[in-house]
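Here is the structure we will look at.
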Amino acid sequence: MSTDFATLVRDDRVLTPMYTDEAIFEEEMDRIFKSTWVWVAHASDVPAGNTFKTSWVGREPVIVTRDKQGKIHTLLNRCRHRAASVCEKRKGKASVFVCPYHGWSYDVDGTLRKVPHINGYGEGLDTADYSLVSLRTEEYNGMIFATFKDDIQPLVDFLGPAKKWIDLFMKQGGGYGVKTLGEHRFRFPGNWKIQLENTTDAYHFPIVHKTFLDSLDPEAENVFQVLAHGGWVEDLGNGHSVMVMIPDLIDLEENLDAPIPQRFEELAKELAAEGMPDEQVRRVVRAVGGSGFNLNLFPNVACSMAFFRVLRPIEVNETEIMHVAIGMDGGPDAANRMRLRLHEHFQGPMGFGTPDDAEGWERVQRGARAGQDLWIMVNRGVDAPEGVAAPGHNAGDVSAETGMRAAYQMWKRMMTA
Amino acid sequence: MSTIAEPLNRSEAAAAPSLQDAIQFVWAEADMLDRLDYKAWLPLWTENGRYIVPTERDVSDYDDRLNIVNDDAEMRQARVKRLLSGFSMSSAPPARTVRTVSRFVPVAVEDGAITLRAAMIMVEYKYERMRTMAADVVYRIVSTADGLKLDRKIVTLVNCDDYQHGIGYLL
């Protein structure tokens, strides 16, 4: 590989082949997706012993499992015999994974349990050598990440200051804990970094999502005027960033005395009618509305206002996105139903927001066929409001491209390591 | 399993739409959608009608699941407004579509209503690219003083639990 990756990324711009060059993409899969912590699941996807979910680390299919002791494993989804996938379900329960081809069976921790007609190997097969490949797996506040690297820093250090924002985000559990409720999947014909940028791009919101804003009641429309509330974008290190759009909705356990917004009045009445105390009604209702920020975690997941946004690179010009709906684990049905309807309103292949995002990203990829020598500009931004960002953190105003610059500096660091 | 042979409860079906009328209604609706005649589409619905595009197959209670679409009258209205506004880049213009609906199976005939199951095959075109989509569609069509109305339409894409691309039009 002859590309000098450092020349593709400057402090305030990146070169167009970042979106279009297949050779760069191949290197990214190795130097980034096989070299850092990649989000694979939420803890509620594997809620009990012997449950699993299939997922991806970069381009490699994995099974995330929880064993009977509660330990989580991330296993490459390929039989150690002749490579057949051992699981093709999205999620479910299983105490064993049996390869459909020759019947090799594996425990949920990956241990090879049984090989049919093993005497055909004579003395030559030590089953201990043929466990499913198990990746290093760590969890922070329900977010499960895996990595191919045994020697990189622990997950908590990798997340660093992002941990605080994960904790704030999980307050959407409303005291019940967060649970995934379903997911929208969609692909767009464009490079994965276009999506990565978008989660930290408030600038596009009033333009691209005008029709979403027009579909809200005036009060909610005002809340979603994301450029108007004195928000900011803050570099959290390691390519992570947070974009605060609605500062009033940073901490969902604060301001519980505030009037209940119009669009939640009916829900509040319903919960009160079920006998829920007023303070808890307020807490649940506030949680239902979601957080006022997007936390972008390099390279593949975001805690985005009220859902998880997970990206998976397919090819240099094809990316799959998953919008995971979340709700309250064991929380009131009415509240979770409202979460689902709110998610459907904006998200997914026919939501009032997502198709326009996807179209915009596709247009970026189409445009990037022109001018390989031109720069993608990520130089936007003025100072963040005084005193909002943590001391020492680089920060800009809410529409600043600070988060994109942070991600690209991490990209550069990893690609030139 | 022979679904066609399922006995229909004809005793209560006095005022139910005929199969032929229901099929013609479905074809007219499909034609409307391909022509983006969404303003004419809205009054096709009953007041409590539900338009659903699920993310899972074999679901009984859509309200407790995540769907791609789960629209009541208010959301349909808002959706049509959005699609026709000219401000949504995925629908201004949307992909062109050509769809056919066939393989009709009457599932139930009740007082004043018929429920059909059908196959929809659709091709969309945008930006040098054609995509084929297929769906099992359930229609519940009721007779009213105003003529036939759509009371329920559930469009279960053959790959509903897998990835889609952005869809800037109505299914």
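Considering only protein heavy atoms, with the full assembly of protein chains and a 1.4 angstrom probe, order A:Asp150, B:Asp58 by accessible area, largest first.
Reading off the accessible areas and sorting them downward yields B:Asp58, A:Asp150.
Between chains B and A, what is the buried accessible area summed over both chains (1.4 Å probe, protein heavy atoms, nearest 100 Å²)?
In total, this chain pair buries about 3000 Å².
When all protein chains stay in place, what accessible area (Å², nearest 10, 1.4 Å probe) is found for A:Met276?
That residue has around 30 Å² of solvent-accessible surface.
Taking region A:190-344 as the region of interest, what is the percent of Cα-Cα pairs per 10 angstrom bin, listed from the shortest bin to the one with the maximum distance?
Distribution as computed: 10, 35, 35, 16, 3, 0 percent.
Could you check what % of the DSSP bridge pairs in the protein assembly as shown are antiparallel, to the nearest 5? Provide the component values of the computation, followed by the final result.
Details: 115 of 121 bridges.
Antiparallel bridges: around 95 percent, rounded to the nearest 5.
Give the dimensionless ratio obtained when the Cα radius of gyration of region A:174-213 is divided by 2.2 N^0.38 Å.
Values: Rg = 14.5 Å, N = 40, 2.2 N^0.38 = 8.9 Å.
Output field value: 1.62.
Determine the alpha carbon to alpha carbon distance for each of B:Lys39/B:Lys153; A:Lys71/A:Lys114; A:Lys34/A:Lys210; A:Lys179/A:Lys210; A:Lys89/B:Lys149 and list only those over 27 Å.
On the way: B:Lys39/B:Lys153 17 Å; A:Lys71/A:Lys114 22 Å; A:Lys34/A:Lys210 38 Å; A:Lys179/A:Lys210 30 Å; A:Lys89/B:Lys149 39 Å.
Over 27 Å apart, Cα to Cα: A:Lys34/A:Lys210; A:Lys179/A:Lys210; A:Lys89/B:Lys149.
Provide A:Arg413, B:Arg129 ordered by accessible surface of protein heavy atoms (probe 1.4 Å), highest first.
A:Arg413, B:Arg129
Any idea what angle helix B:19-34 forms with the longest principal axis of chain B, computed on alpha-carbon atoms, 0 to 90 degrees, nearest 10?
Roughly 10 degrees, rounded to the nearest 10.
Can you list the residues in region A:170-205 whose accessible area drops by at least 50 Å² when all protein chains are present, compared with the chain alone? Use a 1.4 Å probe, heavy atoms only.
A:Arg187
Ranked by accessible surface with a 1.4 Å probe, highest first, in what order do A:Glu320, A:Glu266 come?
These residues rank, largest area first, as A:Glu266, A:Glu320.
What residues does region B:156-171 have that are buried by at least 30 Å² of accessible area in the full protein assembly compared to the chain on its own, 1.4 angstrom probe?
Correct list: B:Asp161, B:Asp162, B:Tyr163, B:Gln164, B:His165, B:Gly166, B:Ile167.
Considering every residue in A:111-121, what mean count of other chain Cβ atoms within 10 Å of its Cβ is obtained?
That average works out to 0.
Gaussian network model of chain B, Cα springs within a sub-10 Å range: biggest mean-square fluctuation belongs to which of B:Asp71, B:Asp31, B:Asp146?
B:Asp146
Run the lone-cysteine check on chain A: no other Cys C-beta under 4.7 Å from the residue's C-beta.
So, A:Cys87, A:Cys303.
Could you compute the net charge surrounding A:Glu320? Neighbours are other residues with a C-beta less than 15 Å from the C-beta of A:Glu320; K and R count +1, D and E count -1.
-1
Can you give me the long-range amide H partners of A:Ile250? Hydrogens built in the peptide plane at 1.01 Å from N, cutoff under 5 Å, separation of 5 or more residues or another chain.
When sequence neighbours closer than 5 places are left aside, the close amide H contacts are A:Gly292.
What part of the accessible area of region A:1-137, given as a whole %, is carbon or sulfur when the probe is 1.4 angstrom?
That fraction is 46 percent.
Quick one: Karplus J couplings for region A:196-201, per residue in order, coefficients 6.51, -1.76, 1.60, θ = phi - 60°, nearest Hz, x for Gly and Pro?
So the Karplus estimates, Gly and Pro as x, are 4, 4, 4, 5, 10, 10 Hz.
With no solvent and one equal point scatterer per Cα, compute the Debye intensity ratio I(q)/I(0) for chain A at 0.10, 0.12 Å⁻¹ and report its log10, rounded to two decimals.
The Cα Debye sum returns log10 ratios of -0.72, -1.00.
Enter the accessible area per residue of region B:1-142 (Å², integer; probe 1.4 Å; all protein chains in place).
Solvent-accessible surface per residue comes out at 51 Å².
Scale the Cα Rg of region A:284-394 by the rule-of-thumb value 2.2 N^0.38 Å and send over the ratio, two decimals.
1.34
Mean residue ellipticity at 222 nm from the helices of chain A, using -39,500 (n - 2.57) per DSSP H segment of n ≥ 4 over the full residue count, to the nearest 500 deg cm²/dmol?
It lands at -7000 deg cm²/dmol.
Using alpha carbon coordinates only, what is the Rg to Rh ratio of region A:38-147, with Rh defined as the Kirkwood radius?
Expressed as Rg/Rh, it is 0.99.
Averaged across B:60-70, how many Cβ atoms of other chains sit within 10 Å of each residue's Cβ atom?
5
If you average the alpha carbon positions of region A:122-163 and of region A:377-393, how far apart do those two centres end up, in angstrom?
So the separation of the two Cα centres works out to 35 Å.
Out of residues 5 or more away from A:Ala41 or on other chains, whose amide H comes under 5 Å of its own, with H placed 1.01 Å from N in the peptide plane?
A:Ile144
What number comes out for accessible area per residue over region A:38-147 if the probe is 1.4 Å? Units Å², please.
Values: 5280 Å² over 110 residues.
Heavy-atom SASA per residue in region A:38-147 reads 48 Å².
Mind listing the long-range amide H neighbours of A:Leu181? Cut-off is under 5 Å, sequence gap 5 or more, other chains count too, H placed in the peptide plane at 1.01 Å from N.
A:Ala325, A:Ile326, A:Gly327
Through the Karplus equation 6.51 cos²θ - 1.76 cosθ + 1.60, θ set to phi - 60°, convert the phi angles of region A:133-144 into ³J(HN,Hα) values in whole Hz; use x for Gly and Pro.
Coupling constants for region A:133-144: 5, 10, 8, 4, 9, 9, 10, 10, 6, x, 8, 9 Hz.
The values are calculated or read from the model by the stated rules, or taken from the named source; none is laboratory data. None of these values were measured; they are calculated from a predicted model. No Cβ is skipped: glycine too gets one built from the backbone with ideal geometry, and neighbour counts run over all protein chains shown. What goes into the accessible areas is simple: the full protein's heavy atoms, side chains included, and nothing from ligands, DNA or RNA. Shrake-Rupley method; radii C 1.70, N 1.55, O 1.52, S 1.80 Å.
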